[in-house]
Amino acid sequence: MSAKIDKISITQPRKEELTAQGVFNWPIWECGISEFSWSYSDKETCYILEGEIEVTTEEETVTIKPGDYVVFPEGLSCSWKVSTAVRKHYNFG
């Protein structure tokens, strides 16, 4: 039996690429310093404007910071540790 392994994708695209995708028109989500568990029922794509987050899954721990374009795969379960308040553009689907 093999488990489906989906990892968090982090890139740093140019502003032109983000604009072309309409990222700056996506809603904004904000979160203060906190720790919580989260599961993704759908794929989430987001662009980090402010803050720093450490996200831990069964497979890896990643640090997310401003300028990161992040894709969380559908079905992912993880723990968030927000060390600096976060503002991000986000999109589901």
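See the values below:
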quantity	calculated
Convex hull volume per residue in cubic angstrom - Cα atoms of segment 9-92	79
Additional length obtainable on full extension of the chain from S39 to T11, 0.36 nm per residue less Cα span	8.0 nm
In the chain, lysine pairs with alpha-carbon atoms under 18 angstrom apart (chain gap of 8 or more, or interchain)	9
Sites matching GluC sites (Glu not before Pro) across the chain that sit in DSSP coil, with at most 14 neighbouring C-beta atoms within 10 Å	E58, E59, E60, E74
Value at 222 nm in deg cm²/dmol, rounded to 500, when DSSP H runs of n ≥ 4 in the chain each add -39,500 (n - 2.57)	-2000 deg cm²/dmol
Span from the segment 5-45 Cα centroid across to the segment 54-69 one, whole angstrom	11
Net lengthening on full extension, A20/F92 (0.36 nm per residue, minus Cα-Cα)	24.2 nm
Relative contact order of segment 9-92, pairs being alpha-carbon contacts under 8 Å that are 6 or more residues apart, as %	45
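FYI, it's all coordinate maths here, none of it is from the lab. This one's a predicted model, so the numbers in the text were calculated from it and none came from an experiment. Counting neighbours? That spans all protein chains shown, and the Cβs are built from the backbone with ideal geometry, glycine included.
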